[in-house]
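A.B. asks: First the structure, which I've put down as structure tokens, then a few questions once you've had a look.
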Protein chains: 2
Amino acid sequence: MALIVQKYGGTSVGSLQRIKRVAERVIKTKEAGNDVVVVLSAMAGETNRLISLAKEIQPHPDPRELDVLMATGEQVSIALFSMACIERGVEARSFLGFQVPIETDSAHTKARIENIKAEKLKQALASGIIPVIAGFQGVTEGENITTLGRGGSDTTAVALAVALGADVCEIYTDVEGVFTTDPNICPKAKKIDKISYEEMLEMASLGAKVLEIRSVEFAMRYGMPIHVRSSFTDAPGTMVVEEDESMESILVSGVTYSKNEARITINKVPDRPGIASKIFTPISDANIVVDMIIQNTREGDLTDMTFTVPKPDYETALDIVKRVAKEIGAEKVQGDTDISKVSIIGVGMRNHAGVASKMFEILANHGINILMISTSEIKVSCVIDEKYTELAVRALHEGFGLEER
Amino acid sequence: MALIVQKYGGTSVGSLQRIKRVAERVIKTKEAGNDVVVVLSAMAGETNRLISLAKEIQPHPDPRELDVLMATGEQVSIALFSMACIERGVEARSFLGFQVPIETDSAHTKARIENIKAEKLKQALASGIIPVIAGFQGVTEGENITTLGRGGSDTTAVALAVALGADVCEIYTDVEGVFTTDPNICPKAKKIDKISYEEMLEMASLGAKVLEIRSVEFAMRYGMPIHVRSSFTDAPGTMVVEEDESMESILVSGVTYSKNEARITINKVPDRPGIASKIFTPISDANIVVDMIIQNTREGDLTDMTFTVPKPDYETALDIVKRVAKEIGAEKVQGDTDISKVSIIGVGMRNHAGVASKMFEILANHGINILMISTSEIKVSCVIDEKYTELAVRALHEGFGLEER
């Protein structure tokens, strides 16, 4: 008998019919002799509906009140879901964030979980009741309702699993698991059976939107296994676990891409100490996250500086940089948005040389020019012309033998 | 400077446009130098939408979970309303039942308010913030969410007004106030400027659905003045207050009717002690509320017993009575649903004889046969053929001079 936390996303509870089907799945898990704790998202589309209501009243909604509004989405799901279980003769009870309680800081719309008191949930389990918890929401010390930001229900599920000492946290979604790359681009993409937290973090932050990144960080910190799987089939999905030896034999676990990048270059910057800070401090002050930064030394005391920012922040960043360039006496600022980033990820890289150069070779063999490169211990990323994105992904997927996994 | 509790019903906050307009009204009251506390219902139609979702999952929804579900309706209203105030530059803060807290018993879907801790609201007022409270909901000692039943937001508003020591509780609705009778039936119906709690209770329970009956009881117990008025105009509405001498000079304040009655007669019941209890105990055990009861003595030791029940309970009541009739040896059971009840109400009746007989005379002059009569200190009710309802209401309204008020 295991203690299992099951989290179902918005698509899985997107209609009354689906809520009933998910209830059947939960009951089956319980009847197989397990203790089950359920975490639910809002029904698909509901959070967006609520946000657009808010924006009609207030273009920049008050964060505290927006949280009060958005929290109703999960409240509806857990009430209906509990009814579906009870209708089937199985005891279930809904828990809102404040009822558990799931205590967070007071950063409305992007709060962080600080503490979960699991006593009431344990009591419910001991009485044979299925606790059904609202994902995405919590409560501050001052009893204000908070939400955890997009995808926050994953974090709720993992944090609950840790607090309860669960054996596994199952994240149900509308895909079968984590794939070696985007199946929409590369039909030969394969489901990954087992992946390390580190790899998953790189996959998630690079655009494989299966798991919310904070939930993976949380699981990694406490060693909680996550099972990402589909609520529409019984097939096992992808286990996200601590790195083990078997993983190291695989050089590359996945290929990801992001079209959400733009590039800005400052030419002929006077190369003095403190110059990078002069450029990047005003950008970070504008809440813009800079991803890759490359600095090329040029003749004399001049240098070129190139970096990437999220596409929606491109215009703002460009304006800032043009202003700074004048102040620091740089010659020219240029930028473009027709770029994308392709990455290969794998813990096996740590112990194997030559993975990066193989990547460059594959891209070169397909006539794809590399504009920027950045590497980390388990990742190599290349910025390329956006139009080559799909070609690059397919080439890398094939080149590293991922379709035979 | 006064402390005013303003409650807005579902129609008044039925759209984003209306929410904005109501916010303007609240702000105007505040800017006139008053402290304002706002209580809101769910947007019109929302509670019914949620209930029908629940019923698709569970034909008889679990009461605890139904409360969790229904409570989201008011949560949405108060968040959007607070945003509307903040957007106008006026500080406002939403409060859910558990945040006030509004403590209730644990009778889900029909809970009773037991205690309101008003400290947080007083703090908000002292800081110049408009507290915006979710009507209709509360929280139990065990932190379960409860709802107060249909019209419960009125009770929330009055209970808050009492807890805060407000000067008046304004109940905003989509009509201009309490009328001498239903204007849909009698175009000459007049708005009543001032009415006593007792009269309002009789009006409410007899079908003038402007105020929820429990809220009037609550206001009467604590002497809290209620001002029933329209959110669509600035005109004063109806003050519901303690009886004063001016009211006694008016014989009849209003004419009400109810078509929601059915009549059951048991003929030739053996007239023994305890026979009434034999008939009515099983009916009340079935949760059916009996309204009027009339017993006529017949020849010998036989009696006829006639009573009314709500129309939806008619079939069930009839079945019960037929069973009981056999047991007690009554001759026959008959019933009909084509009846209605018309009533005249007025505290002036207490000190004036002849009001009832004038009512009978007016009905007789219009050829309306009276089937049953019941009287109380401030009310006379007659059961008549349903088809005469409108005629009777108009005749009584004119006969007692209500159109000249």
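A.B. asks: Of a type in the set (A, V, I, L, M, F, W, C) and within 12 Å of chain A (Cβ to nearest Cβ): which single residue out of B:Ile102, B:Ile116, B:Ile129 fits that description?
C.D. replies: Testing whether each residue is of a type in the set (A, V, I, L, M, F, W, C) and within 12 Å of chain A (Cβ to nearest Cβ) leaves just B:Ile129.
A.B. asks: Could you look through the stretch A:85-100, keep only residues that are open to solvent by 10 Å² or more (accessible area, probe 1.4 Å) and part of a helix (DSSP H, G or I), and pick out the one that is nearest to A:Gly128 (Cα to Cα)?
C.D. replies: The qualifying residue nearest to A:Gly128 (Cα to Cα) is A:Ile86.
A.B. asks: Any idea which residue in the stretch A:64-83 is nearest to A:Val26 (Cα to Cα), counting only those that are facing chain B (nearest Cβ under 7 Å) and of a type in the set (Gly, Ala, Ser)?
C.D. replies: So, considering only residues that are facing chain B (nearest Cβ under 7 Å) and of a type in the set (Gly, Ala, Ser), the one nearest to A:Val26 (Cα to Cα) is A:Ser82.
A.B. asks: Would you tally the residues in the stretch A:289-317 being of a type in the set (Gly, Ala, Ser) and open to solvent by 40 Å² or more (accessible area, probe 1.4 Å)?
C.D. replies: So the answer is 1.
A.B. asks: Counting only residues that are within 10 Å of another protein chain (Cβ to nearest Cβ) and among the β-branched types (Val, Ile, Thr), how many does the stretch A:84-99 have?
C.D. replies: Total satisfying the criteria: 1.
A.B. asks: Follow-up question, since we're still on this one. Limited to the stretch B:159-217, what total is found for residues that are closer than 22 Å to B:Ser376 by Cα and small (Gly, Ala, Ser)?
C.D. replies: Result for the stretch B:159-217: 6.
A.B. asks: Could you tell me which of the residues B:Lys120, B:Lys110 is surrounded by fewer than 18 Cβ atoms within 10 Å (Cβ to Cβ) and touching a Gly at 6+ places or on another chain (Cβ under 6 Å)?
C.D. replies: Unique residue meeting the criteria: B:Lys110.
A.B. asks: All but one of (1) within 10 Å of another protein chain (Cβ to nearest Cβ); (2) outside any helix (DSSP H, G or I); (3) touching a residue at least 60 places away in the same chain (Cβ under 8 Å) hold for B:Thr146; state the number of the condition that does not hold.
C.D. replies: Only one criterion in (1) within 10 Å of another protein chain (Cβ to nearest Cβ); (2) outside any helix (DSSP H, G or I); (3) touching a residue at least 60 places away in the same chain (Cβ under 8 Å) is unmet by B:Thr146, namely (1).
A.B. asks: Within the stretch A:255-307, can you find the residues that are of a type in the set (A, V, I, L, M) and within 25 Å of the chain's Cα centre (by Cα)?
C.D. replies: Answer for the stretch A:255-307, where residues must be of a type in the set (A, V, I, L, M) and within 25 Å of the chain's Cα centre (by Cα): A:Val255, A:Ala262, A:Ile283, A:Ala286, A:Ile288, A:Val289, A:Val290, A:Met292, A:Ile293.
A.B. asks: To continue, here is another question. Pick out the one residue from B:Lys332, B:Lys341, B:Lys358, B:Lys326 that is open to solvent by 30 Å² or more (accessible area, probe 1.4 Å), under 30 Å from B:Ser246 (Cα atoms) and of a type in the set (Lys, Arg).
C.D. replies: When all the criteria are applied, what remains is B:Lys358.
A.B. asks: Keeping to the stretch B:46-63, report how many residues are more than 7 Å from chain A (Cβ to nearest Cβ) and not hydroxyl-bearing (Ser, Thr, Tyr).
C.D. replies: Residues flagged as more than 7 Å from chain A (Cβ to nearest Cβ) and not hydroxyl-bearing (Ser, Thr, Tyr) within the stretch B:46-63 amount to 9.
A.B. asks: Can you tell me which residue among B:Ile145, B:Ile171, B:Ile192 is touching a Leu at 6+ places or on another chain (Cβ under 7 Å) and of a type in the set (Val, Ile, Thr)?
C.D. replies: None of the other options fit; the residue is B:Ile171.
A.B. asks: Oh, and also: Taking the stretch A:211-225, which residues are assigned to a loop (DSSP other than H, G, I, E, B) and surrounded by 22 or more Cβ atoms within 10 Å (Cβ to Cβ)?
C.D. replies: Across the stretch A:211-225, the qualifying residues are A:Leu211, A:Glu212, A:Met224.
A.B. asks: Residue check, B:Gly354 against (1) on the phi > 0 side of the Ramachandran plot; (2) at pLDDT 90 or above; (3) not polar (S, T, N, Q), all met but one. Which one?
C.D. replies: (2)
A.B. asks: Still on this structure, I have one more. With A:Glu65, A:Glu24, A:Glu74 as the choices, which residue is assigned by TED's automatic domain parsing to the domain that holds A:Gly151, buried (at least 24 other Cβ atoms within 10 Å of the Cβ), of a type in the set (D, E, K, R) and touching a residue at least 24 places away in the same chain (Cβ under 8 Å)?
C.D. replies: Step by step, each of A:Glu65, A:Glu24, A:Glu74 is checked, and only A:Glu74 is assigned by TED's automatic domain parsing to the domain that holds A:Gly151, buried (at least 24 other Cβ atoms within 10 Å of the Cβ), of a type in the set (D, E, K, R) and touching a residue at least 24 places away in the same chain (Cβ under 8 Å).
A.B. asks: Here's a follow-up. Could you count how many residues in the stretch A:114-130 are without any contact (Cβ under 8 Å) to a residue 60 or more places away in the chain and not in a helix (DSSP H, G or I)?
C.D. replies: Of the residues in that region, 8 qualify.
A.B. asks: In addition: Farther than 19 Å from A:Ala157 by Cβ and away from chain B (no Cβ under 13 Å): is that true of A:Asn34 in this structure?
C.D. replies: It is false that A:Asn34 is farther than 19 Å from A:Ala157 by Cβ and away from chain B (no Cβ under 13 Å).
A quick yes/no check of all residues on (1) open to solvent by 30 Å² or more (accessible area, probe 1.4 Å); (2) outside any helix (DSSP H, G or I); (3) among the polar types (S, T, N, Q):
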| site | (1), (2), (3) |
| --- | --- |
| B:Thr375 | yes, yes, yes |
| B:Ser381 | no, yes, yes |
| B:Ile384 | no, yes, no |
| B:Tyr388 | yes, no, no |
| B:Ala392 | no, no, no |
| B:Glu398 | yes, no, no |
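A.B. asks: Can you pull out the residues in the stretch B:142-194 that are within 15 Å of the chain's Cα centre (by Cα), open to solvent by less than 20 Å² (accessible area, probe 1.4 Å) and not hydroxyl-bearing (Ser, Thr, Tyr)?
C.D. replies: B:Leu148, B:Gly149, B:Gly152, B:Asp154, B:Ala157, B:Val158, B:Ile171, B:Gly177, B:Val178
A.B. asks: Within the stretch A:31-52, which residues are open to solvent by less than 30 Å² (accessible area, probe 1.4 Å) and part of a helix (DSSP H, G or I)?
C.D. replies: A:Thr47, A:Leu50
A.B. asks: Check off (1) open to solvent by 30 Å² or more (accessible area, probe 1.4 Å); (2) at pLDDT below 90; (3) closer than 30 Å to A:Lys120 by Cα for B:Ser205 and give me the number that stays unchecked.
C.D. replies: Unmet for B:Ser205, out of (1) open to solvent by 30 Å² or more (accessible area, probe 1.4 Å); (2) at pLDDT below 90; (3) closer than 30 Å to A:Lys120 by Cα: (3).
A.B. asks: Restricting to the stretch B:11-21, what's the tally of residues that are open to solvent by less than 20 Å² (accessible area, probe 1.4 Å) and either farther than 18 Å from B:Val90 by Cα or in a strand (DSSP E or B) (or both)?
C.D. replies: The total comes to 2.
The values are calculated or read from the model by the stated rules, or taken from the named source; none is laboratory data. All of these numbers come straight from a predicted model, not from anything done at the bench. No Cβ is skipped: glycine too gets one built from the backbone with ideal geometry, and neighbour counts run over all protein chains shown. The accessibility values were calculated without ligands, DNA or RNA, using every heavy atom of the protein model including side chains. Shrake-Rupley method; radii C 1.70, N 1.55, O 1.52, S 1.80 Å.
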